[in-house]
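In what follows, a single structure is set out as structure tokens and then discussed.
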Amino acid sequence: MSFFEYLHLLFTDYTLRTTTLGTAILGAVCGMLGSFAVLRKQSLLGDAISHAALPGIVIMFLLTGTKNSSMLLLGALASGLLGAYWIKGIIKNTRLKSDTALGIILSVFFGFGMMLLTYTQKLPNANQAGLDKYLFGQAATLLTSDIWLLGIVAIACLIVLMTFWKEFKLMLFDPDFTNVLGFDTRKIDVLITTFIVLAIVLGLQTVGVVLMSALLLAPAAAARQWTNSLSAMVILAAIFGALSGIIGTAISATADNLSTGPIVVLVSAVFVFISFIFSPQRGLLFKEIKIWNNRKLLEEQKTLAFMYDIAATHEDITHPHTVKILNNFQGFTKKTLQKLVVKEYVNVNDNMWSLTKKGYNEAESLYSQYVNDDD
Amino acid sequence: MTMTSVQIEIQLIAALVAIACAIPGTFLVLRKMSLISDAISHSILPGIVIGFFMTQDLSSPWLIIFAALTGVLTVILVEFIQKTGLVKEDTAIGLVFPALFSIGVIMISRGANDVHLDVDAVLLGELVYAPLYRWEWGALDMGPQSLWIIGIVLVVNIVLLLLFFKELKITTFDIGLSASLGLSPVLVHYGLMSIASVTIVGSFEAVGAILVVALMIVPAASAYLLTNKLETMLAYSIGFGVFSAIAGYWLAHWLDASIAGSISVMLGFVFLLVYLFAPRRGLISNIYKRKRQKMEVSLLTFLLHLHNHNEEEERHVKHLGEHINWNNKMASSVVKMALENNMIVLDGEIASLTEKGETFTNEAIDYIVDDEQLELEGMKDRYFLFRG
């Protein structure tokens with residue numbers, strides 16, 4: 001399928017259109033909220049909450065018998081919030097650390113959900129088919145009404161973020177100071193946790209329990225590499241999230257048997273990978289290049305300093321010496337010599353080198369620099 | 001009602017899995033690495049799929065080997081990302097395992113659609129079917145394959161635990177000491193990670209990825225709230241695990257629901273009980289402790305107030321509300337506690353310190369000035385007849 005065919009389908013095919021729109025909005029919302037989760041060191045909270053939402057879905061189904069997704073999501077929201085606050089309770093009230101608290105809630109709630117799910121499956125007349133889609137997600141089952149729901153949540157999230165931007169930002173970087181200033185940190189915390197749980201719950205239908213956490217984390221982790229400003233990070237994360245959704249849906253639409261969820265997650269992982277390597281300030285590639293440049297510079301300086309030592313023993317500092325004596329000096333290569341010549345620190349004639357005045361002064365200042373550093 | 005041999009086999013497998021998981025789980029909880037088990041249990045999926053593609057046999061030991069390798073690979077990847085310092089620790093875990101899991105899911109949907117290898121089974125396991133896959137030696141029925149697999153994993157776990165107990169203990173509690181004693185914390189770390197991977201792989205076939213996490217973390221976490229001794233903690237974890245495995249089986253039997261799910265529920269139930277009622281570290285005991293602490297601090301404040309003031313109006317019981325900002329209920333319970341402990345006498349409504357109250361307050365002031373909290377606690381034991 002060519003790109004134009006895809007574009008054509010995007011506007012004519014109902015499923016592709018809703019799925020693309022749905023994953024894009026979801027990605028954007030998750031990116032925005034994920035930024036806060038990542039910066040608050042709550043990256044894996046999303047993983048725990050998405051698992052903890054399962055029993056809520058099944059209980060809602062058992063109680064109401066409906067498969068209306070917004071009703072079920074209400075149940076998911078309730079049990080997700082319960083899980084999130086229980087995690088906080090365990091960390092606060094016992095000596096267990098956050099990783100263990102997350103693991104307990106994640107596995108116990110999910111196991112409870114599974115028990116209920118298998119229980120309902122064996123009930124007579126209970127048409128539970130369709131509940132499993134929350135486990136692994138089926139983006140293709142998104143309906144126009146789901147898109148509206150996602151859109152409303154996205155807008156609400158945007159409004160809340162903009163209204164309480166200052167509070168969120170303050171609390172992120174200095175919770176104690178926020179408290180001292182008279183803000184109620186607990187309320188701000190409830191607000192942001194609720195929105196994170198809401199985003200996760202909405203994502204369950206699309207990408208499923210297991211992969212939901214990645215959608216929350218990956219765009220934010222990628223965005224973090226490009227900027228140090230919170231607002232820029234939130235916007236970038238939203239863009240990365242939306243792009244992951246759109247590209248992932250497009251790829252899964254072009255081939256049979258490719259479910260959307262895993263592809264979207266892998267696309268977002270590619271964003272992370274690229275950001276880790278190529279981001280100009282923090283990226284691994286540029287860090288390597290910086291280290292490499294430093295090493296080269298150091299070799300050059302070492303050679304210059306060695307030459308200075310030799311030259312200093314003569315009255316005329318520009319007295320020529322053979323290149324040979326440099327040969328058994330570690331760190332010396334023809335290239336470093338060439339570089340020194342280009343910088344006019346050294347003159348080379350046949351197999352003889354001599355220090356220039358400029359080079360001598362440079363080497364001397366190099367020494368005094370080191371001496372000063374020692375002080 | 002008598003148990004059928006299939007029921008006994010299922011419970012036996014579940015109990016062995018519980019023991020095998022409790023051993024590495026204890027150390028994971030103590031080392032604050034609980035969630036690595038979650039990561040490994042998901043990310044072994046591609047390893048299993050690759051193993052299956054190469055052997056075309058779901059019961060081949062190669063599957064286990066590949067899966068365990070993927071588990072170790074997960075740990076290495078997570079640690080590599082952590083070391084770059086680009087993201088915080090837990091983010092690294094959250095990035096690695098969904099990506100590997102996704103690769104596994106995609107590989108299954110592209111290549112293994114026609115065989116019995118679906119994601120549900122990997123995630124949830126199905127203990128009910130475990131006795132169906134049997135190992136036959138010639139014509140002899142040797143029992144369920146899973147029983148053998150988990151049995152071997154368990155033996156390996158126990159042998160390694162006994163051999164390296166000292167090393168595990170020291171590296172867990174004091175890395176600095178272990179390094180200076182010549183033990184290699186890094187080696188022990190990777191050894192533990194490998195064993196955790198092998199245990200997860202050996203268990204998940206029977207109980208699924210999520211229950212493995214539950215069996216590793218929840219019993220150990222419950223045990224940690226009950227004891228400070230590593231040996232006792234291991235014993236408790238194993239006990240909780242086995243109890244939940246058996247009880248969970250019968251819960252599932254009764255509800256006709258997933259065994260793995262029911263075992264998790266039982267584990268959660270055990271944890272809830274411990275969380276609420278654990279002596280000294282449980283929720284209720286903590287609330288009680290906090291309340292008592294508050295009362296005792298209030299009492300001390302009251303006594304200091306009396307100590308500082310000779311004026312009768314300051315020592316009037318009715319005035320406590322104004323001066324120390326207490327409500328009536330608080331004020332009367334503080335006064336009652338002071339009376340019970342013979343710290344004050346009441347002359348009408350005027351409170352004054354007794355001799356005992358005077359010495360107590362003076363001693364307390366000394367300790368407060370020198371900021372010796374511990375001495376203050378010991379003093380409470382010596383002077384108080386009734387505690388808050």
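Only helices enter the 222 nm calculation for the protein assembly as shown: every DSSP H run of n ≥ 4 contributes -39,500 (n - 2.57), and dividing by all residues gives -25500 deg cm²/dmol, rounded to 500. Put in order of Cβ neighbour count within 10 Å, fewest first, the listed residues B:Leu140, B:Leu211, B:Leu168, B:Leu306 become B:Leu140, B:Leu306, B:Leu168, B:Leu211.
Express the Stokes-Einstein translational diffusion coefficient of the protein assembly as shown in µm² s⁻¹, to the nearest whole number, given a Kirkwood radius over alpha-carbon pairs, 37 °C and a viscosity of 0.692 mPa s.
Numbers: Rh = 30.3 Å.
Answer, rounded: 108 µm²/s.
Among the lysines, which have Cα under 24 Å from the Cα of A:Lys122 when same-chain residues fewer than 8 positions away are ignored? Excluding near neighbours in sequence, the set is A:Lys67, A:Lys133.
Shielding of peptide B:262-270 by partners, expressed as the average count of other chain Cβ atoms within 10 Å per residue Cβ, is 5. Residues whose amide H falls under 5 Å from that of A:Trp353, counting only those 5 or more places apart or on a different chain, are A:His321, A:Thr322, A:Val323, with hydrogens built in the peptide plane. Residue by residue along B:99-110, Cβ atoms of other protein chains within 10 Å of the local Cβ number 6 on average.
If you bin all the Cα-Cα distances of the stretch A:248-347 at 5 Å, starting from zero, the percentages per bin are 2, 11, 14, 13, 9, 7, 7, 6, 6, 5, 6, 5, 4, 3, 2, 1, 0. Candidate cross-link partners of A:Lys324 among the lysines, defined by an alpha-carbon separation under 27 Å and a same-chain spacing of 8 or more, comprise A:Lys296, A:Lys302, A:Lys334, A:Lys335, A:Lys339, A:Lys343, A:Lys357, A:Lys358.
In the distance distribution for chain B, Cα-Cα pairs more than 35 Å apart total 45 percent. Computed over the stretch B:137-210, relative contact order equals 38 percent, with contacts defined as Cα pairs under 8 Å that lie 6+ residues apart. Around the amide H of B:Gly143, modelled in the peptide plane, lie the amide H atoms of B:Trp135, all under 5 Å away and 5 or more residues distant in sequence or on another chain.
Backbone phi angles across the stretch B:377-385, fed through the Karplus curve with coefficients 6.51, -1.76 and 1.60 (θ = phi - 60°), yield HN-Hα couplings of 5, x, 4, 4, 4, 6, 9, 7, 7 Hz in residue order; Gly and Pro are listed as x.
Among the trypsin sites (Lys or Arg not before Pro) in the stretch A:115-213, those placed in a DSSP loop whose Cβ has at most 16 other Cβ atoms within 10 Å are A:Lys122.
Across the stretch A:200-211, rounded Karplus estimates of 3J(HN,Hα) from the backbone phi angles (6.51 cos²θ - 1.76 cosθ + 1.60, θ = phi - 60°) give 5, 4, 5, x, 3, 5, 8, 10, x, 4, 5, 8 Hz, Gly and Pro being marked x.
Every read-out reported here was derived from the displayed coordinates using simple, explicitly stated rules and does not represent laboratory data. Fair warning: this is a prediction, and the values are worked out from it, not measured in the lab. Cβ: placed from backbone, ideal geometry, glycine included. Neighbour counts: every protein chain shown.
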